[in-house]
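The values are calculated or read from the model by the stated rules, or taken from the named source; none is laboratory data. As the structure is a prediction and not an experimental result, all values here were calculated from the model. Counting neighbours? That spans all protein chains shown, and the Cβs are built from the backbone with ideal geometry, glycine included. Note: accessible area is taken over every heavy atom of the protein model, side chains too, but ligands, DNA and RNA are not part of it. Shrake-Rupley method; radii C 1.70, N 1.55, O 1.52, S 1.80 Å.
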Amino acid sequence: METFQARLARKLADALAAADLPQAGDVTPATDPRFGDYQTNAALVLAKQRGENPRAVAQRIIDKFDVAELCELPQIAGAGFINLTLRSDALEEQTSGLLHDERFGVATAATPKRIVIDFGSPNVAKPMHVGHIRSIVLGDAMARIAQFLGHDVIRDNHIGDWGTQFGMVIWGWKNLLDREALERGPIAELVRVYKATNERSAADPAVRDACREELVKLQGGNAENFAIWQECVGLSMREFARAYELLGIRYDIQRGESFYNDRLPGIVDRLLNSGLAEISEGAVCVFFRDIPELADKPCIIRKSDGGFNYATTDIATVDYRLDDLHRDTVWIETGAPQQLHFRQIFEIARREGRHADFRHITHGNILGEDRKLMKTRSGENVALQDVLDEAIVRARKIIEEKNPDLDEAEKARTAHIIGIGAIKYADLSQFRMTDYIFSWDRMLSLQGNTAPYLQNAYVRIRSIFRKAGVDDNSAESVTLIEAAERNLAKRLCQFAEAVPSVLNDFRPNILANYLFELANSFHAFYEACPVLKSEEPARSSRLALCGLTARVLQRGLDLLGIEVPERM
RNA sequence: GCGCUCAUAGCUCAGCCGGAUAGAGCAUCGGAUUUCUAAUCCGACGGUCGCAGGUUCGAGUCCUGCUGGGCGCGCCA
């Protein structure tokens with residue numbers, strides 16, 4: 001089923017062709033209810049191109065604009081806009097068509113992509129902190145939406161499991177480890193050991209050299225060090241898995257940096273042989289002399305001491321994703337600080353003749369109430385686990401207040417759904433590039449553009465169905481009489497317009513905003529239009545609208561990685 | 001110094017390709033309910049879109065410069 005927007009755009013294209021005009025302009029939802037439901041600026045664009053009167057061009061278009069089955073008579077307004085008002089029967093028919101459509105009118109992509117999406121990417125032997133939320137939540141939402149649109153998606157966790165820090169981790173493990181503490185809290189103990197080693201190594205050159213020695217042994221394949229490293233990775237992965245479980249995140253593959261180790265020498269050779277890389281000050285570098293912004297920013301792929309760094313690893317990762325995973329699209333969702341790095345990696349891939357679509361999807365920071373990077377009182381990163389736990393505790397408190405009669409199991413389940421949903425939604429409802437200020441009160445508020453508000457709309461609908469004594473409704477069509485019904489129906493039809501536009505520029509907040517407006521329209525409908533108390537045929541029609549709204553809310557939130565409770 | 005990014009109402013934020021009188025939420029004020037969950041709805045108040053130029057029928061949006069914040073800039077990842 002095609003959206004109104006798509007159908008009208010097609011009709012517009014036909015009209016332009018019939019009027020001997022070039023294709024121009026587009027069809028968008030009306031900016032104001034006074035202008036109808038949709039509008040097009042085609043006449044304005046064409047008039048500008050051709051130096052003609054916009055309203056006259058608009059009239060030429062309208063003369064050929066065959067939309068009688070969808071709209072009332074098109075109106076010319078303002079400078080030369082063409083305003084379109086949907087006919088009620090067209091809206092009824094479209095909405096009715098959604099009642100039994102599991103995709104709610106969302107078309108699958110015309111050309112499915114083979115995407116790998118890299119998000120989350122925590123470091124081994126370090127706890128995940130609030131900063132990881134954005135990458136995880138944004139990446140997961142992109143993956144869900146891309147998949148729903150019919151793309152072939154592989155979710156990859158590019159874990160930081162290799163690097164110079166392991167020299168210190170291993171030395172600390174051998175000299176400072178408290179086994180009991182490790183049992184109690186593996187990551188916490190690893191962090192303690194790492195920090196202590198760091199301090200000693202800063203103060204004592206002998207320790208520093210010893211750490212370097214341990215690193216060399218690890219990289220050289222020393223069995224003892226390798227075993228320690230493996231154990232660190234295992235402990236970390238187990239702790240990550242717990243957080244992912246809580247967040248409802250899953251990965252298809254988790255390829256750490258170490259996975260690419262044996263590919264690194266070959267890459268450096270290849271780039272040297274092809275002349276893309278050269279030796280400079282003892283290091284192997286790729287220069288970008290023809291790109292002004294990168295001219296003085298070479299990418300080092302082998303250090304002067306012979307070691308490789310993460311640039312080499314990321315080139316190997318590109319190889320793997322294209323050659324082994326057969327991807328044609330690579331999305332990397334990490335923070336903005338790595339922009340230069342990925343610009344270089346993508347540029348190298350381009351120079352090597354790679355034709356995949358590479359995107360580095362960045363995001364802003366999470367700030368505390370003081371507008372600075374969110375930290376604990378003592379200046380530490382705020383642990384992700386603590387944030388998730390607190391969200392659930394706070395949600396639980398609200399549920400106890402509002403709905404104390406729920407049984408224990410449902411309270412716990414609902415607190416989880418609301419707490420985690422609130423955190424995710426706070427992130428996703430905002431444009432990803434802007435820094436946002438973390439506020440429990442705002443994200444858990446039941447009013448405004450929040451997860452609980454949306455979840456509540458769903459809950460109210462479920463309540464209606466419980467009272468009605470049916471679990472779904474088998475209505476085949478809706479009838480739209482009241483303005484609030486019409487408004488709600490139009491919103492429901494626009495789900496199929498909102499979802500694909502998210503991938504335009506990776507803006508899940510478009511979907512979040514849509515859902516907020518849908519919930520808003522529903523609440524207005526709920527106030528104005530009694531459902532169960534109304535007479536047939538309005539009753540069945542309204543029940544059908546309720547059911548459809550609930551399913552769209554549920555699906556929309558699911559695409560954002562957020563669940564809905566039955567009661568709250 | 002160079003590069004990237006952000007700056008919109010008292011506060012938190014939308015505004016994707018340039019389109020009509022710049023929109024929400026919170027806060028404030030005023031209304032609506034013996035409810036299908038008021039956990040809601042309706043209304044009012046509130047803006048020199050950081051500043052200055054430019055492009056054009058039209059600029060929050062594009063270009064240039066400036067101010068302010070964040071981040072990055074050869075051997076950490």
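Some points to look at:
- Filter pass, A:Gly131 being open to solvent by less than 40 Å² (accessible area, probe 1.4 Å) and at pLDDT 95 or above: no
- Segment A:136-158, residues that are open to solvent by 10 Å² or more (accessible area, probe 1.4 Å) and part of a helix (DSSP H, G or I): A:Arg144, A:Gln147, A:Phe148
- Test: residue in segment A:453-461 that is in contact with a Gly (Cβ under 7 Å, 6 or more places away or on another chain) and surrounded by 21 or more Cβ atoms within 10 Å (Cβ to Cβ): yes
- Complete set of residues in segment A:16-41 that are in contact (Cβ under 8 Å) with a residue 60 or more places away in the chain and surrounded by 20 or more Cβ atoms within 10 Å (Cβ to Cβ): A:Asp37
- Annotation note: Cβ proximity below 8 Å between a residue of segment A:547-567 that is away from RNA strand B (no atom under 15 Å from the Cβ) and a residue that is acidic (Asp, Glu) (sequence gap 6+ or interchain) occurs for A:Leu557/A:Glu563; A:Gly561/A:Asp140.
- Residue match in segment A:516-531 (condition: buried (at least 23 other Cβ atoms within 10 Å of the Cβ) and either modelled with pLDDT under 95 or away from RNA strand B (no atom under 11 Å from the Cβ) (or both)): no
- Of residues in segment A:467-480 being within 14 Å of RNA strand B (Cβ to nearest atom) and surrounded by 12 or more Cβ atoms within 10 Å (Cβ to Cβ), the one farthest from the chain's Cα centre (by Cα): A:Ala468
- Counting only helices (runs of 4 or more DSSP H) wholly contained in segment A:1-104, the ones carrying 2 or more residues that are within 13 Å of RNA strand B (Cβ to nearest atom) occupy A:4-18, A:42-50, A:54-64.
- A:Leu98 being over 26 Å from A:Gly248 (Cβ atoms) and surrounded by 20 or more Cβ atoms within 10 Å (Cβ to Cβ): yes
- Screening A:His360 against (1) outside any strand (DSSP E or B); (2) within 12 Å of RNA strand B (Cβ to nearest atom); (3) under 19 Å from the mean Cα position of the chain (by Cα); (4) of a type outside the set (A, V, I, L, M) leaves a single unmet condition, (1).
- Selected residue [outside the structural domain of A:Gly335 (by TED's automatic domain parsing), farther than 27 Å from A:Ala311 by Cα and open to solvent by 20 Å² or more (accessible area, probe 1.4 Å)] from A:Asn175, A:Asn198: A:Asn175
- Just one of the listed residues (A:Ser534, A:Ser541) is open to solvent by less than 10 Å² (accessible area, probe 1.4 Å), on the phi < 0 side of the Ramachandran plot and of a type outside the set (D, E, K, R), and it is A:Ser541.
- Scanning segment A:422-442 for residues that are in a helix (DSSP H, G or I) and within 9 Å of RNA strand B (Cβ to nearest atom), we see that the one that is modelled with the highest pLDDT is A:Ala426.
- A count restricted to segment A:199-256 and to residues that are free of Cβ contacts under 8 Å to residues at least 12 places away in the same chain and on the phi > 0 side of the Ramachandran plot stands at 1.
- Condition met for A:Asp427 (in contact with a strand residue (DSSP E or B) (Cβ under 9 Å, 6 or more places away or on another chain), crowded, with 19+ Cβ neighbours inside 10 Å and touching a residue at least 60 places away in the same chain (Cβ under 8 Å)): yes
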